[in-house]
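Presented below is the structure to which this report refers.
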Amino acid sequence: MPESLAELRRDLAVAYRMVANEGILDAFGHISVRNPNNPQRYFLSRSRAPSLVQAGDILEYDLDSNPIVPPKERPYSERVIHGEIFKARPDVNAVCHHHAPSIMPFAISGAPLLPVFHLGASMGLSAPVWDSRDEFGDTNLLVVKPEEGASLARALGAASIVVMRRHGATVVGGSLRELVFRTIYSAKNAEHQLAAHVLGNVSPLTAGETQMAFEIHRAPGPLARAYEYWVRRLAEREGRSKNDPMLRAAEAAARLPAPAKPASAKAKSGAKKKSRGR
Ligand SMILES: [Zn+2]
């Protein structure tokens, strides 16, 4: 967990660049995080392509998406997506809105996005679909009015991702790391579901499988392991040294102690030694 707001701003900027580096965000899309010291506020970059975002670009907003300090530079026009979701979902501490190529066929066709593999279960059982036409008729598709953001938040309901017809998707998480994991793996899930559809016989996870795999993939171990991997890939792209603080922090966080053995296993220790790593 970040120790200060300065660290949180750095983590948020890294999340932008990391998710962009994985092909989910391009010139557009954005990520926000709730202020842990004041849940009525959140952080979001100024209007900038995600792969370029730095800590100094991060602005703070109230939940009506008004800036706390008048910004010198243009904010994202779609920031109400974040504010209205934070308002409606006290359990959500991070939000990503994107137009990932793998999600777009689902957003365009309205075909249901379903968890089709274990890591894809991080998206939850299903993805509700929001269609701006239902309440607002013809628009320019951007979610810029508070009532549009509130409508999207209602469609999201208690889910982890909402597909936005002819636009993209919005993903939520309890923490920035959980959000990054869910954003990347729900996009991979969409890619795999579409590829499997070509072969036919798409068999999604059962509700029970989804629930169990969903829980595993929000535990600190898998989140830290994946985060270290994505940070390393970003650091390579950005030409950072191996001693870069961003990399070293991610490496340290992913170096977890071995799980304590239950008493019965201790008695038998030595009989069978097998790595628990996956
Ligand atoms: Zn958008």
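All of the numbers you see were taken from the coordinates with simple rules; none came from a lab. In this text the structure is predicted, and so the values were computed from the model without any measurement. Please note: Cβ atoms are built from the backbone with ideal geometry, for glycine as well, and neighbour counts cover all protein chains shown.
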Item to check | Where trypsin sites (Lys or Arg not before Pro) fall in DSSP loop in region 39-73, at most 12 other Cβ within 10 Å | outcome: Lys72
Checklist entry - Using alpha carbons only, how many degrees (0 to 90, rounded to 10) separate the axis of helix 207-216 from the longest principal axis of the chain? => result 80 degrees
Item to check | Neighbour-limited loop hits for chymotrypsin sites (Phe, Trp or Tyr not before Pro), region 93-160 (at most 16 other Cβ within 10 Å; DSSP other than H, G, I, E, B) | outcome: Phe117
Checklist outcome for this item: For Lys72, counting only aspartates and glutamates whose alpha-carbon sits under 15 Å away and dropping same-chain residues fewer than eight positions off, the answer is Asp57, Glu60
Item to check | Rg/Rg_ref, the chain, where Rg_ref = 2.2 N^0.38 Å and atoms are Cα | outcome: 1.05
Checklist entry - Mind listing the phi-derived Karplus ³J(HN,Hα) values for region 118-132, rounded to whole Hz, using 6.51, -1.76 and 1.60 with θ = phi - 60°, and x for any glycine or proline? => result 4, 6, x, 4, 5, 7, x, 5, 7, 10, x, 10, 10, 10, 4
Next on the checklist: At a 10 Å Cβ-Cβ cut-off, how would you order Leu223, Leu114, Leu256, Leu125, fewest neighbours first?
Outcome noted: Leu256, Leu125, Leu114, Leu223
Checklist entry - For region 119-263, taking Cα atoms only, what is the radius of gyration to one decimal and the Dmax to the nearest whole Å? => result 18.6, 65
Checklist entry - What GluC sites (Glu not before Pro) does region 1-99 have in DSSP loop regions with at most 13 other beta carbons within 10 Å? => result Glu3, Glu73
Checklist entry - In deg cm²/dmol, rounded to 500, what helix-only [θ] at 222 nm does the chain give when every DSSP H run of at least 4 residues adds -39500 (n - 2.57) and the total is split over its residues? => result -13000 deg cm²/dmol
Checklist entry - What are the aspartates and glutamates whose alpha-carbon lies under 18 Å from the alpha-carbon of Lys145, with same-chain residues fewer than 8 places away excluded? => result Asp62, Asp64, Glu78, Glu84, Asp131, Asp134, Glu135
Checklist outcome for this item: Computed over region 105-194, the relative contact order (Cα-Cα under 8 Å, seq sep at least six) in percent reads 39 percent
Next on the checklist: Only counting other Cβ atoms within 10 Å, I'd like His217, His82 sorted with the fewest neighbours first.
Outcome noted: His217, His82
Item to check | Pairwise Cα inverse-distance average, inverted: Kirkwood Rh of region 195-258 (Å) | outcome: 14.3 Å
Checklist entry - Which whole-Hz couplings ³J(HN,Hα) result when phi for each residue of region 16-28 is put into the Karplus expression 6.51 cos²θ - 1.76 cosθ + 1.60, θ = phi - 60°, listed in order with x for Gly and Pro? => result 4, 5, 5, 5, 5, 5, 8, x, 8, 9, 10, 5, 10
Checklist entry - Could you put Thr139, Thr170, Thr210 in order, starting from the residue whose Cβ has the fewest other Cβ atoms within 10 Å? => result Thr139, Thr210, Thr170
Item to check | Magnitude of the charge dipole, the chain, Cβ model with Lys/Arg +1 and Asp/Glu -1, debye to 20 | outcome: 1560 debye
